[in-house]
1. Extension gain Leu5-Tyr39, at 0.36 nm per residue separation less the Cα-Cα distance, in nm?
2. Say a site is exposed when it is one of the trypsin sites (Lys or Arg not before Pro), sits in a DSSP loop, and has at most 11 other Cβ atoms within 10 Å; what is then the longest site-free stretch of the chain?
3. With every protein chain kept in place and ligands, DNA and RNA left out, what is the accessible area per residue of segment 34-82? Probe 1.4 Å, answer in Å².
4. With +1 on each Lys and Arg Cβ and -1 on each Asp and Glu Cβ, and nothing else charged, work out how big the dipole of the chain is about its Cα centre, in Debye to the nearest 20.
5. For the chain, what is the Kirkwood hydrodynamic radius in Å, using each pair of distinct C-alpha atoms?
6. Could you pull the accessible area for Ser36 with a 1.4 Å probe, rounded to 10 Å²?
7. Calculate what fraction, in whole %, of the accessible area of segment 32-90 sits on carbon and sulfur atoms when a 1.4 Å probe is rolled over the protein chains.
Amino acid sequence: MLERLETIYRAVQQAPILDQAIRLPEVLTIAGVSKSTWYARLNPRSPSYDPRAPRPFKLGTSDRSPSVWWRSAVAAYVQACADACATYEGGNA
């Protein structure tokens, strides 16, 4: 699975810069999870922590600047979760 993530990462790095910074509501829509679930996946102290989850970044230097994520990173994360689930389910057959 790490190889798959590296492949996605390389593809994103080589793609033309057409990506978009998206705010939390859109992240939640793409990921299909609640706000609390998403932030639990980002929190290393949470049992739901997922180190694959993309980290937000600020659009400015102020503490009040909005946090955003790259759309492609969120999509790659969802795809990696789906791939892992498919691999896991395939292994139980």
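1. 10.1 nm
2. It works out to 1-44.
3. 63 Å²
4. 380 debye
5. Result for the chain, one decimal place: 14.5 Å.
6. Roughly 90 Å² of Ser36 is accessible to a 1.4 Å probe.
7. Exposed carbon and sulfur together represent 55 percent of the surface.
The values are calculated or read from the model by the stated rules, or taken from the named source; none is laboratory data. Because the structure is a prediction, the values reported are computed rather than measured. As a convention, Cβ positions derive from the backbone with ideal geometry for all residues, glycine included, and neighbour counts pool all protein chains shown. Ligands, DNA and RNA are stripped out before the accessible areas are found, and what is left, the full protein with its side chains, is counted by its heavy atoms. Shrake-Rupley method; radii C 1.70, N 1.55, O 1.52, S 1.80 Å.
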